[in-house]
1. Between residue 197 and residue 7, with labels modelled 7 Å along Cα→Cβ, what's the label distance in nm to one decimal, could you check?
2. Which entries in the list 228/309; 106/228; 237/309 go over 20 Å, if you measure between the two C-alpha atoms of each?
3. Measuring from label point to label point, each 7 Å out along Cα→Cβ, what is the residue 17 to residue 449 span in nm?
4. To the nearest 0.05, what FRET efficiency results for residue 414 and residue 230 with a Förster distance of 35 Å applied to their C-beta separation?
5. Among 185-193, 152-160, 212-220, what's the highest-first ranking by average C-beta atoms within 10 angstrom per residue?
6. Could you tell me which of rounded, prolate or oblate describes the stretch 222-289, using a ≥ b ≥ c as the square roots of the eigenvalues of the alpha-carbon gyration tensor, with rounded for a/c under 1.5 and, failing that, prolate when a/b is larger than b/c and oblate otherwise?
7. Which residues make up the longest stretch of the chain clear of GluC sites (Glu not before Pro) that lie in a DSSP loop with no more than 14 other Cβ atoms within 10 Å, not counting the sites?
8. Based on the Kirkwood radius over alpha-carbon pairs, what is the Stokes-Einstein translational diffusion coefficient of the stretch 1-154 at 25 °C with 0.890 mPa s viscosity, in µm²/s?
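The values are calculated or read from the model by the stated rules, or taken from the named source; none is laboratory data. Worth saying up front: this structure is predicted, and the values here are computed from it rather than measured. So basically every Cβ, Gly included, is an ideal-geometry build from the backbone, and we count neighbours across all protein chains shown. Side chains are part of the model used for accessible areas, which takes the heavy atoms of the whole protein and leaves out ligands, DNA and RNA. Shrake-Rupley method; radii C 1.70, N 1.55, O 1.52, S 1.80 Å.
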Amino acid sequence: MAYKTIIEPFRIHTVQAIDLPDLAVRRAALERSGYNLFGLQAHEVIIDLLTDSGTGAMSSEQWAGMMRGDETYAGSRSFFRFEETVRDITGFDHIIPTHQGRAAEKILFSVAVKQGDVVPNNTHFDTTRANVEYQGAEALDIVAPGGTDPAKVLPFKGNIDIDRLRDTLANAEAGAVPLVMITVTNNSGGGQPVSMENIRQAREVCDEFGVPLFLDACRFAENAWFIKIREDGYADKTPRDIAREMFSYAHGATMSAKKDGLSNIGGFLALNDSEWAMSARNLLILTEGFPTYGGLAGYDLEAIAIGLKEALDENYLRYRIRSTEYLANTIFDGGMPIVQPPGGHAVYLDAAALLPHIPAHEYPAQSLAIELYRAGGVRGVEIGTVMFGRVDPNGGPDEPAAMELVRLAIPRRTYTQSHIDYVAEVVIDVANRADRLGGYRIVEQAPWLRHFTARFEPIS
Ligand SMILES: Cc1ncc(COP(=O)(O)O)c(C=O)c1O
């Protein structure tokens with residue numbers, strides 16, 4: 001293109017009104033929810049960047065496909081269209097639909113992982129970690145050096161540490177590592193991509209020890225795009241060919257179609273091992289449904305089959321990654337410290353750097369997230385000591401998390417350039433008066449996953 005402006009590669013066909021709650025409404029909502037943004041209702045939020053999972057817009061092709069949904073219980077046409085698409089993109093033999101990503105994880109780990117095992121991953125997503133631990137196994141994060149340093153700029157900051165992977169496999173008891181996972185892109189590590197070389201090397205190490213390699217493939221298309229624009233030798237390849245090569249190094253994958261399936265619900269487990277697949281299908285029948293629908297409606301399978309192909313469209317991916325980068329660069333230039341370089345699906349604000357006067361046990365990232373909502377109705381999510389800190393059983397201050405971040409996740413094909421410009425204006429305004437923000441204390445919390453329901457009050 002001769003012009004530098006990246007336009008949304010779609011025009012709007014159906015619109016959904018957003019509310020514009022004023023300051024008084026937002027203040028009241030904060031008080032009612034105990035300053036917990038999970039407690040807000042949709043009509044109280046102007047721009048919702050809580051998650052990119054299942055919150056995107058579907059295309060007219062997807063909606064049309066849904067009308068073709070075949071709801072036959074066993075052997076529906078929709079399942080075979082879904083299976084053909086997933087097999088074509090991933091190359092795996094067995095395609096098992098699930099209602100979302102964590103269901104695929106639960107089934108895979110129930111089949112493959114036992115008490116005392118170790119599952120290495122670049123960084124486990126929280127449901128992945130929980131499902132590994134639920135089997136009594138250890139979820140071991142071994143992201144490559146630099147992957148947890150917010151300011152460090154590396155092209156593939158999501159890479160798994162190959163040396164630590166080899167050491168882990170070499171030192172484990174025989175059979176104690178049932179599989180290795182790589183999360184593409186690395187959500188919990190800032191949405192950072194993994195290089196093809198890294199996936200290939202991980203496969204070589206896995207082969208040395210006879211251990212299968214699985215991809216947590218939620219954002220496989222975004223990862224493929226990063227490989228195309230950042231890794232030597234891939235500039236002229238299509239995202240589809242790159243994705244196919246990524247999957248070719250793996251023995252299987254878990255997927256949440258709520259991300260790069262461009263759908264509001266769904267997922268799958270795909271793998272080559274016939275014995276594991278048979279056990280997985282038996283469990284699927286117990287927990288999700290018959291193997292040709294796996295907890296989904298026929299119309300969901302249609303939407304996913306079409307969404308997976310649309311997610312690999314070059315125009316879409318160029319716009320997707322550029323628009324995330326645009327928000328990141330604009331707010332960084334305006335004075336907001338962020339995790340560098342920007343990831344694919346989200347921008348991560350570095351609250352520890354912005355608010356050095358608020359100690360970790362007074363939740364600087366929670367304070368920043370609250371202020372973004374109070375000032376502009378923008379909802380992000382705290383990823384810091386509220387979410388990952390450890391509570392002191394003796395009532396002392398929490399043990400801090402490694403980073404104090406606020407994630408602004410961008411739903412796919414949902415907001416326009418002016419929505420993003422508005423978000424940038426709010427973020428920059430808050431950054432410019434950061435010294436006036438104060439900390440919070442928790443007044444009520446659950447014994448686990450407290451971030452969803454804890455209540456806070458300002459320390460003034
Ligand atoms: C990397 C990663 N893995 C797994 C999941 C779980 O997917 P789901 O929410 O569909 O269960 C998510 C969801 O955010 C994710 O980002």
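1. 3.8
2. In this structure, 106/228 lie more than 20 Å apart at Cα.
3. Placing both labels 7 Å beyond Cα along the Cβ direction yields 3.4 nm.
4. About 0.85, to the nearest 0.05.
5. Packing order, densest peptide first, comes out as 185-193, 212-220, 152-160.
6. Note, shape of the stretch 222-289 comes out oblate.
7. Here the longest run is 174-460.
8. 118
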